[in-house]
Amino acid sequence: MATYYPAICLRKGRLSQLRRTLKYRLYRSRHDRVLVGRIEYACEIWNHFVALTRRYYRRYGTDPGYDKMQKHLTKLKKQRRFEHWNEVGSQAAQMVVRHLDLSYRRTSTPRPVNARG
């Protein structure tokens with residue numbers, strides 16, 4: 001279900017938005033199976049690099065960083081064991097690693113007390 005606000009109307013001297021709700025139905029197809037497979041491979045990449053980051057942190061006391069993880073990803077995709085990760089696409093796999101690195105950086109850096117957001 002999707003909710004969007006298409007128009008603004010004037011009600012009792014105030015501006016307010018009209019709310020409409022739409023329903024969509026997705027039918028199963030062969031293309032959906034391919035997309036679900038790619039999403040599962042992206043999840044597998046995410047889980048692999050979470051475990052890798054934890055091991056690296058336990059051993060060295062710091063996270064590996066985006067550059068090292070990206071280099072490691074390209075090495076893994078060349079191995080026969082992980083060649084199914086090539087179905088995800090290089091930019092999508094790099095974005096998975098980038099989002100993981102950003103999430104670790106956001107949780108590990110202390111924020112100032114008066115910071116908003």
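No value in this document is a laboratory result; all are computed from the given coordinates. Note that the structure is a prediction, hence the values are computed from the model and not measured. All Cβ positions, even for glycine, are placed from backbone atoms using ideal geometry, and neighbour counts span all protein chains on display.
With the convex hull of its Cα atoms as the shape, region 32-108 has an orientation-averaged projected area of 5.2 nm². Within a Cβ distance under 11 Å of Arg98, other residues only, what is the Lys/Arg minus Asp/Glu net charge? Overall, the nearby charge balance is -1. Look at Ile39, Ile45 and count the other Cβ atoms within 10 Å of each Cβ; fewest to most, that gives Ile39, Ile45.
The Cβ shell under 12 Å around Asp67 holds other residues with a net charge of +1, Lys and Arg each +1, Asp and Glu each -1. Sketch the reach of a paramagnetic label on Arg81 as a point 7 Å from Cα along Cα-to-Cβ, and name the residues of region 52-66 whose backbone nitrogen lies under 17 Å away. From region 52-66, the list is 52-56. Per-residue Cβ neighbour counts within 10 Å put Ser90, Ser29 in the sequence Ser29, Ser90, beginning with the fewest. For Arg106 and Asp67, the difference between the fully extended length at 0.36 nm per residue and the C-alpha to C-alpha distance is 12.3 nm.
Using the Cβ-Cβ distance between Gln91 and Val34 with R0 set to 22 Å, the FRET efficiency works out to roughly 0.80.
Annotation for region 77-92 versus region 38-76: alpha-carbon center distance of 14 Å.
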